[in-house]
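A.B. asks: This is the structure I have questions about; it appears just below.
Read the figures in this text as sums done on the coordinates, not as results from a lab. In this text the structure is predicted, and so the values were computed from the model without any measurement. As a convention, Cβ positions derive from the backbone with ideal geometry for all residues, glycine included, and neighbour counts pool all protein chains shown.
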Amino acid sequence: MKLLNHLQLVSLLLFGSLPALYAVAAEPSPTHLVFASDPKFPSGEKSDNHEEESAADTETRSRWLIDVQYSSIADFRTQSGGAAAVPVMINGNLTAFGRDSERSYIKAVLQNKLGNVYDYGLGNHDYDFNVANCASCAAGSVDDLKDRYWGKVPNMDLATRASGLTKTWYGSLAYSKDFGDVHLIQLHNEPTYAVNFSTQSFISTTAYEITPSLDWLERDLQRARSQGKIILLNLHQPLSWPVKESEIMRFKKMIEDYGVTAVFSANAHKQTGMYEGSNYIYGDIPLFMSGSATLQSWLYASISADRQQMTVNVISANDWRNPVATHTIPVK
């Protein structure tokens, strides 16, 4: 009888665990990933260059630019295995001013073009630039992000507390997600960014304490490295962080020590592709800038079958079939 019980136990352990084993094995590791930024509705070439243009003309041009870009990204994804196979990360500035109407429009476009299957971060136009002049715009951008990710991703730097009639949301808003063996981290504006602001109603106050993400980032990188993940870091502003050099050096050491394969950001000075300048923030880690709807540029990365190399393709004129540049780097 004891032998029979032992056999039953072994059988239960072996075969009862098979579904879990198959579930892990079936988790797809992406071959391709898309990186975009700055749909920044409403904006166009003239508004970006500070040239005179009516608001109506800017909005019309912006709608066209965004439609063409995300139609191209959707087509690439359809031809490359579908939405579930190709993650899309949008690195900030979904809107020009964070207004309700702008956020609603972008959400509708991304629902239509990408089936609501995408990830994103906040850029300076989404919240930073609005804190002083339109706190409700900044709050709306943060609330949209919170509603999409808080409690729905494995790791997010956000918590809440209440005191009297004030509810406070605090943290950097940074989050991370796994796609098979790829670990995507989103740091939003930049990892040292911090600001406090609040909004009021008739009976209550909602406060926001946005903190630097460096402490959270180190813990997240430790976990991802211990799991052998391919780590891809995302943020909005790649350069000119207004902080002490010691914070920048801490960030640089962190991403080097924990083996980040690459950093993806929005464009700086209208550049798209690999940043070739001297890089005191990122050290030996490659930095790729993903362009904008106005520049009609974006990136897609392809990881080799042996998971040892990653090629980043630079797309211009939204023509994904003919990349204008490719950069192959080792996977760490």
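A.B. asks: Would you calculate a helix-derived [θ] at 222 nm for the chain, using -39,500 (n - 2.57) for each DSSP H run of n ≥ 4 and dividing by the full residue count, to the nearest 500?
C.D. replies: -10500 deg cm²/dmol
A.B. asks: In addition: Give the relative contact order (percent, whole number) for the stretch 235-309; include only Cα pairs under 8 Å separated by 6+ residues.
C.D. replies: Here the relative contact order equals 30 percent.
A.B. asks: If you consider only alpha-carbon coordinates, what radius of gyration and Dmax does the stretch 20-117 have, in Å?
C.D. replies: Both quantities, over Cα of the stretch 20-117: 16.4, 60 Å.
A.B. asks: Starting from the Cα of residue 215, step 7 Å toward the Cβ, then list every residue of the stretch 128-157 with an amide N under 16 Å from that point.
C.D. replies: 156-157
A.B. asks: Restricting to Cα atoms and excluding each atom paired with itself, what does the Kirkwood estimate give for the stretch 251-332 in Å?
C.D. replies: Result for the stretch 251-332, one decimal place: 13.3 Å.
A.B. asks: Distance in nm between label sites at residue 166 and residue 108, each 7 Å beyond Cα in the beta-carbon direction?
C.D. replies: Distance between label points: 3.7 nm.
A.B. asks: Right, another one. So how strong a dipole does the chain carry about its Cα centre when Lys and Arg Cβ are +1 and Asp and Glu Cβ are -1, to the nearest 20 debye?
C.D. replies: Charge dipole of the chain: 1060 debye, to the nearest 20.
A.B. asks: So how much slack lies between residue 152 and residue 271, counting 0.36 nm per residue of separation and subtracting their Cα-Cα distance, in nm?
C.D. replies: Length difference between fully extended and current span is 39.5 nm.
A.B. asks: Express in nm, to one decimal, how much length is gained between residue 78 and residue 49 on full extension, taking 0.36 nm for each residue of separation and deducting their alpha carbon distance.
C.D. replies: Full extension from residue 78 to residue 49 adds 7.1 nm.
A.B. asks: Pull out the extension gain between residue 239 and residue 307, defined as 0.36 nm times the separation in residues minus the alpha carbon to alpha carbon distance; nm, one decimal.
C.D. replies: Difference between extended and current length: 21.6 nm.
A.B. asks: While we're looking at this one, here's another question. Using the Kirkwood radius built from alpha carbon pairs, what does the Stokes-Einstein equation give as D for the stretch 92-141 at 10 °C and 1.306 mPa s, in µm² per second?
C.D. replies: Answer from the Stokes-Einstein relation: 146 µm²/s.
A.B. asks: Using Cα pairs under 8 angstrom and six or more residues apart, how large is the relative contact order of the stretch 28-330, in percent?
C.D. replies: Reported relative contact order: 19 percent.
A.B. asks: Lys/Arg Cβ at +1, Asp/Glu Cβ at -1, dipole of the chain taken about the Cα centre: which of 88, 43, 236 is farthest positive-ward?
C.D. replies: Highest projection toward the positive end goes to 88.
A.B. asks: How far is it, in nm, from the label point at residue 67 to the one at residue 227 when both lie 7 Å from their Cα along the line to the Cβ?
C.D. replies: 4.0 nm
A.B. asks: Further, regarding this structure: Give the share of C-alpha pairs in each 5 angstrom bin for the stretch 29-70, from 0 to the last occupied bin, in whole percents, shortest bins first.
C.D. replies: 5, 22, 27, 16, 11, 6, 5, 4, 2, 0
A.B. asks: Determine the principal axes of the Cα atoms in the stretch 28-330, then give the extent along each, sorted from largest to smallest and rounded to whole angstroms.
C.D. replies: 58, 48, 36 Å, listed from the longest principal axis down.
A.B. asks: Can you give me the distance in nm between label points at residue 136 and residue 181, each placed 7 Å from the Cα along the Cα-to-Cβ direction?
C.D. replies: It works out to 5.0 nm between the two label points.
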